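*Asks:* The following block contains the structure, expressed as structure tokens.
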Amino acid sequence: MEHISLAVIGGTGVYKLAQLDDVSSHQVDTRYGTPSGPIRVGTLLGRRVAFLARHGEGHSLPPHKINYRANLAALQQIGATRVLALNTVGGITEHFGPRVLACPDQLIDYTWGRISTLSEEPGSEVLHVDFGHPYTPLLRAKVLAAARVTGVRLHDGGCYGATQGPRLETNAEIARMRRDGCDLVGMTGMPEASLARELGLDYACLAIVANWAAGCGDGDEITMAEVLANVDAASAGLPELVGELARG
Ligand code: HPA
């Protein structure tokens, strides 16, 4: 098994990592089934980096149909121990407008009906992992340091609220999430983060704000075109940041 410095899971609008050289493609099977697509392993600024598109390469999987267990287990099987999750999100509170990049430090889970533990199979050990700090503090610190070194503006902290989707939220749902303390809203943050913890993977989230969440902006309809354009614009510095993170 080769050493993978960093695995990156791409979200909506991020289906590949620019500047990944010498790429090989891996179809990996796991005891939990097959991941969302092939894992691309390549070299980025001299380090081996793995990339997986969370929704599949043609964005064919809605958030509740993603096999989060297989995705993470597959990355672990090919040799990754650290995962940077890129998550496209809506912004709720004032610092999290469109095109902001954020490294959240907290999480509230509003999803339901997803397989959210490795302990699902009969006879498997029941795991009660500590999840007070849902993102690995040391990896978060390294993500923030990589952003500083590469000159990428990255907001330190924030609470990610994970919703079920695939529809966007109502204004009232977002108002409740704001009262709960959420700054960001996305559909794929859970159970990915807690499964990573169960698997013993270091895991941090880099959230890309694509739009104001429902009721937080000017009241205009949220469109996929707006989401994708903002993700594209906000992602320009990501390859350098990821390369720097893979080095450290
Ligand atoms: N809500 C949930 N998920 C999202 C949003 C949103 O407004 N924007 C991008 N992903």
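The values are calculated or read from the model by the stated rules, or taken from the named source; none is laboratory data. All values reported here derive from a predicted model rather than from experimental measurement. For neighbour counting, all protein chains shown are included, and Cβ atoms are generated from backbone atoms with ideal geometry for every residue, glycine included.
*Asks:* Just to be sure I understand, how many residues within segment 1-10 are in contact with a Phe, Trp or Tyr (Cβ under 7 Å, 6 or more places away or on another chain) and in a loop (DSSP other than H, G, I, E, B)?
*Replies:* The number of residues fulfilling the criteria is 0.
*Asks:* Considering each of 37, 33, 46 in turn, give the residue that is closer than 27 Å to residue 119 by Cβ and surrounded by fewer than 18 Cβ atoms within 10 Å (Cβ to Cβ). Please lay out each step first, then the result.
*Replies:* On the way: 37 fails: surrounded by fewer than 18 Cβ atoms within 10 Å (Cβ to Cβ); 46 fails: closer than 27 Å to residue 119 by Cβ.
After applying the criteria, what remains is 33.
*Asks:* Would you call residue 88 in contact (Cβ under 8 Å) with a residue 24 or more places away in the chain, crowded, with 21+ Cβ neighbours inside 10 Å, under 17 Å from residue 68 (Cα atoms) and of a type outside the set (Phe, Trp, Tyr)?
*Replies:* yes
*Asks:* Output the number of the condition that residue 83 fails; it satisfies all remaining conditions of (1) aliphatic (A, V, I, L, M); (2) under 17 Å from the mean Cα position of the chain (by Cα); (3) outside any loop (DSSP other than H, G, I, E, B); (4) within 16 Å of the ligand (Cβ to nearest atom).
*Replies:* With (1) aliphatic (A, V, I, L, M); (2) under 17 Å from the mean Cα position of the chain (by Cα); (3) outside any loop (DSSP other than H, G, I, E, B); (4) within 16 Å of the ligand (Cβ to nearest atom) applied to residue 83, the lone miss is (4).
*Asks:* Hey, another quick one. Among the numbered conditions (1) part of a loop (DSSP other than H, G, I, E, B); (2) away from the ligand (no atom under 16 Å from the Cβ); (3) in contact (Cβ under 8 Å) with a residue 60 or more places away in the chain; (4) of a type outside the set (D, E, K, R), tell me where residue 13 comes up short.
*Replies:* (2)
Residue-by-condition table, conditions (1) within 24 Å of residue 66 (Cα to Cα); (2) in contact (Cβ under 8 Å) with a residue 40 or more places away in the chain:
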{"position": "165", "(1), (2)": "yes, yes"}
{"position": "190", "(1), (2)": "yes, yes"}
{"position": "224", "(1), (2)": "yes, no"}
{"position": "227", "(1), (2)": "yes, yes"}
{"position": "230", "(1), (2)": "yes, yes"}
{"position": "235", "(1), (2)": "yes, yes"}
{"position": "241", "(1), (2)": "no, yes"}
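*Asks:* So which residues in segment 198-215 are away from the ligand (no atom under 16 Å from the Cβ) and within 14 Å of the chain's Cα centre (by Cα)?
*Replies:* 201, 202, 203, 204
*Asks:* Could you list, in sequence order, the residues of segment 1-19 that are modelled with pLDDT of 85 or more, touching a helix residue (DSSP H, G or I) at 6+ places or on another chain (Cβ under 9 Å) and within 19 Å of residue 81 (Cα to Cα)?
*Replies:* 4, 5, 6, 7, 8, 9, listed by residue number.
*Asks:* Okay, next question. Give segment 175-191 a look and list any residue that's within 14 Å of the ligand (Cβ to nearest atom) and either over 20 Å from residue 97 (Cβ atoms) or aliphatic (A, V, I, L, M) (or both), or say none. First the steps, then the outcome.
*Replies:* Restricting attention to segment 175-191, the residues satisfying the condition of being within 14 Å of the ligand (Cβ to nearest atom) are 175-178, 182-190.
175, 176, 177, 184, 185, 187, 188, 190, listed by residue number.
*Asks:* Next up: When you go through 141, 207, 146, 175 one by one, which is the residue that is out of contact with any Cys (no Cβ under 8 Å at 6 or more places or on another chain), of a type outside the set (Asp, Glu) and surrounded by 21 or more Cβ atoms within 10 Å (Cβ to Cβ)?
*Replies:* 146
*Asks:* If you check 146, 172, which single one turns out to be over 20 Å from residue 98 (Cβ atoms), part of a helix (DSSP H, G or I) and within 16 Å of the ligand (Cβ to nearest atom)?
*Replies:* Step by step, each of 146, 172 is checked, and only 172 is over 20 Å from residue 98 (Cβ atoms), part of a helix (DSSP H, G or I) and within 16 Å of the ligand (Cβ to nearest atom).
*Asks:* From the list 51, 96, which residue is aromatic (Phe, Trp, Tyr) and without any contact (Cβ under 8 Å) to a residue 60 or more places away in the chain?
*Replies:* Values: 96 fails: without any contact (Cβ under 8 Å) to a residue 60 or more places away in the chain.
Sole residue among the options that is aromatic (Phe, Trp, Tyr) and without any contact (Cβ under 8 Å) to a residue 60 or more places away in the chain: 51.
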